[in-house]
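Written below as structure tokens is the structure these notes are about.
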Amino acid sequence: MVSQATTNKVQALIKEHPIFVASKSYCPYCTQTKKTLASLTKDAYIIELDEESDGDEIQQALYELTNQRTVPNVFIAGEHIGGNSDLQALNSQDKLEAKIKAAL
């Protein structure tokens, strides 16, 4: 069970950062997401769950908020985008850059 403090922390991260990504350092899909975002902005806030002492609990809190258990877990302007395939789909439709610019 996720503590209220962790849920609050995750909600604050999503709210405070126009582009927030929950990632794992060894995940190839996360790497792809980070490369795509880096090509469009330097302002993405990325947390590597495998490097955080409470990473498992943060991932569980994200699951409870989004019903998505996998990483990367991407938010732009507080909106849950989804994972890498969702982000890449927005990019291939030429919608990602506009979404990022609107968030910043």
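Here are the numbers for the structure shown:
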| read-out | value |
| --- | --- |
| Sparse-neighbourhood loop sites, chymotrypsin sites (Phe, Trp or Tyr not before Pro) in the chain - DSSP loop, at most 16 other Cβ within 10 angstrom | 26 |
| Filter on 15/35; 35/99; 42/99; 34/99; 42/101; 9/101 - keep pairs with C-alpha separation over 20 Å | 15/35; 9/101 |
| At most 15 other Cβ within 10 Å, DSSP loop - trypsin sites (Lys or Arg not before Pro), region 1-90 | 42, 69 |
| Mean ellipticity per residue at 222 nm, deg cm²/dmol - from DSSP H runs of n ≥ 4 across the chain, formula -39500 (n - 2.57) | -15000 deg cm²/dmol |
| Mean separation of Cα contacts under 8 Å, 6 or more apart, over the residue count of region 4-103: relative contact order % | 32 percent |
| Region 11-104, dipole about Cα centre (Lys/Arg Cβ +1, Asp/Glu Cβ -1), debye to the nearest 20 | 480 debye |
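FYI, it's all coordinate maths here, none of it is from the lab. The structure displayed is predicted, hence computed values, not measured ones. Neighbour counts are summed over all protein chains in view; Cβ atoms, including those assigned to glycine, are modelled from backbone coordinates with ideal geometry.
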